[in-house]
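These notes concern the structure reproduced below.
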Amino acid sequence: MSVPEIQAEELKQRLDAGAPVFLLDVRDEYEYEISNIGGHLIPLAELPKRLDELEGADEIVAVCKHGPRGVKAVEYLQRHGFEHVVNLRGGLHAWSDRVDRSVRKY
């Protein structure tokens with residue numbers, strides 16, 4: 001299954017424009033503490049029991065370190081009825097490289 005993705009630059013434009021985007025950070029808590037872009041932390045392993053935290057979100061953008069966990073999160077959410085969910089292509093590292101170099105890569 002191919003999942004929809006968003007480029008870091010497009011996400012930045014949408015956030016700057018005030019679009020109702022829910023940033024879902026699916027990394028582990030220790031990773032989030034090292035570096036983040038302000039997303040809502042729900043580690044991938046906890047996603048099945050925390051779906052209620054995503055109800056009502058207009059659009060969900062899954063964020064991880066490089067992208068693969070975000071893909072898994074998008075696939076899971078699509079299987080559970082979420083329609084407007086995309087993966088941040090390249091994850092936090094792409095954001096750091098192309099949008100905000102102050103975001104720490106690890």
remark   = Candidates H80, H66, H40; GNM for the chain (alpha-carbon contacts under 10 Å) flags as most fluctuating H80
message = Spelling out what I want: for every residue of segment 51-66, take phi, set θ = phi - 60°, compute 6.51 cos²θ - 1.76 cosθ + 1.60 (Karplus), and round to whole Hz; glycine and proline get x.
response = 4, 4, 6, 9, 4, x, 6, 5, 9, 10, 10, 7, 10, 9, 6, 10
note = Sorted by chain and then number, the residues having a modelled amide H within less than 5 Å of the amide H of N87, at least 5 places away or on another chain, are E5, I6, A62
message = At 0.36 nm per residue, and after removing the present C-alpha to C-alpha distance, how many nm does the segment from A17 to R98 gain when stretched out fully?
response = 27.4 nm
ask   = What nm value, rounded to one decimal, do you get for the distance between D58 and E33 when each label is placed 7 Å out toward the C-beta?
value = 3.4 nm
³J(HN,Hα), Karplus 6.51/-1.76/1.60, whole Hz, each residue of segment 2-12, x for Gly, Pro = 8, 9, x, 10, 10, 7, 4, 5, 5, 4, 4
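Which chymotrypsin sites (Phe, Trp or Tyr not before Pro) does segment 1-88 hold that lie in a coil by DSSP with at most 16 other beta carbons within 10 Å? Please list the in-between numbers first.
Numbers: sites: F22, Y30, Y32, Y76, F82; in loops: F82.
When the chymotrypsin sites (Phe, Trp or Tyr not before Pro) of segment 1-88 are filtered for loop state and at most 16 Cβ neighbours within 10 Å, nothing remains.
Each value in this text was obtained by applying a stated rule to the coordinates, not by laboratory testing. It should be emphasised that the depicted structure is a prediction, and the values quoted were computed from it without experimental measurement. Every residue, glycine as well, gets a Cβ built from its backbone with ideal geometry; the counts of neighbours run over all protein chains shown.
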